[in-house]
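First comes the structure, then the notes that go with it.
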Amino acid sequence: MRPGVTRLSIDLDKDLYKLIKHAATFEEQTIKDFVVEAIWERLKGHPPEQWREVNELTRITLEKADRGEDLHRYDSVDDFIRSC
């Protein structure tokens, strides 16, 4: 872990975790970035600008989607949620 960084671990209800995971996915963010941004918004602060940059995994995933690779189709949102 980098200097000046502290790990936070919390226990979440399974349904809340899934909701956060899906919301982050739809926002094209990692769960960490989604939660940290939500905390900043709640505290009325603004996250550092570099946090708004697309991370490497998201960049690769978006490039694959543009090429039509690794796409998954679902009949409904419920089917999508059940797949996770």
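Within the range 4-22, identify whether any single residue is at pLDDT below 90, among the basic types (Lys, Arg) and surrounded by 10 or more Cβ atoms within 10 Å (Cβ to Cβ), and answer yes or no. The answer is no; no qualifying residue exists. The single condition among (1) assigned to a loop (DSSP other than H, G, I, E, B); (2) at pLDDT 80 or above; (3) not small (Gly, Ala, Ser) that Val54 does not satisfy is (2). Residues that are farther than 25 Å from Thr61 by Cα and small (Gly, Ala, Ser) within the range 1-47 comprise Gly4, Ser9, Gly45, listed in sequence order. A Cβ distance below 8 Å, combined with a sequence gap of six or more or placement on separate chains, defines the contacts here; from the range 38-54, residues that are under 23 Å from Leu19 (Cα atoms) reach residues that are at pLDDT 80 or above in the pairs Pro47/Val36; Pro47/Glu37; Pro47/Trp40; Trp51/Asp33; Trp51/Val36; Trp51/Glu37; Val54/Glu28; Val54/Leu62. Restricting to the range 29-51, name every residue that is part of a loop (DSSP other than H, G, I, E, B) and modelled with pLDDT of 90 or more. Selection gives Gln29, Thr30.
The values are calculated or read from the model by the stated rules, or taken from the named source; none is laboratory data. Note that the structure is a prediction, hence the values are computed from the model and not measured. FYI the Cβ positions are ideal-geometry reconstructions off the backbone, even for glycines, and counts take in every protein chain you see.
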